[in-house]
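Please read the structure below before turning to the comments.
The values are calculated or read from the model by the stated rules, or taken from the named source; none is laboratory data. As the structure is a computational prediction, the values presented were derived from the model and not from experiment. Calculation scope for accessible area: heavy atoms of the full protein, side chains included, ligands and nucleic acids excluded. Shrake-Rupley method; radii C 1.70, N 1.55, O 1.52, S 1.80 Å.
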Amino acid sequence: MHPFDLQQMLEEKHAQHVVLIHFPIALFIAGVGMDFVAQWTKRETLGFVAYVNLLLAAVMVVPAVATGLVAWQWALEGHRVKGILLLHMEFALASVVVIWIVWWIHFRGRRGGGVRLPNYRLVLEFVGVALLAIAGHLGGFLSGVNS
């Protein structure tokens with residue numbers, strides 16, 4: 001086993017998902033943090049950086065979810081999902097929905113030149129971070145990191 005063996009990395013049944021999933025998680029959490037600070041300090045530039053992070057998180061969840069589904073098909077050969085994997089998939093799907101809704105709220109708020117973002121988005125962003133934390137925690141159990 002060599003740590004830089006490209007063939008082994010690509011053929012591992014869940015390796016791509018484990019690598020890719022960290023990008024949307026980090027981008028979303030960073031975007032939420034910057035949005036909170038931008039709201040607090042009224043800095044539009046920081047708000048724009050938060051928007052870009054949320055946009056990239058929304059884009060990056062697509063390959064992360066796709067590789068997660070492929071990992072499930074390879075590892076379980078399409079068998080019924082249950083237990084921790086089912087919970088992981090449910091929380092992950094909820095996270096994806098919240099990430100896309102948060103991005104959409106920011107996108108709509110930036111149309112027409114000005115920035116008009118509703119304050120309820122901050123609660124939704126916090127919920128998204130919580131859902132991501134739970135999905136990631138369950139994913140850690142599935143990958144064997146927590147054992």
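Annotation: residue 74 carries an accessible surface of approximately 120 Å², with a 1.4 Å probe and no ligand, DNA or RNA atoms counted. Under a Gaussian network description of the chain, with springs only between Cα atoms under 10 Å, the residue in 33, 128, 112 that fluctuates furthest is 112. Accessible surface of the stretch 20-128, 1.4 Å probe: 73 percent of it comes from carbon and sulfur atoms. In this view, the solvent-accessible surface of residue 79, computed with a 1.4 Å probe and all protein chains in place, comes to about 110 Å². Rounded to the nearest whole Hz, the Karplus-based 3J(HN,Hα) values (6.51 cos²θ - 1.76 cosθ + 1.60, θ = phi - 60°) of the stretch 42-49 follow the sequence 6, 9, 5, 4, 5, x, 5, 4, with x at glycine and proline.
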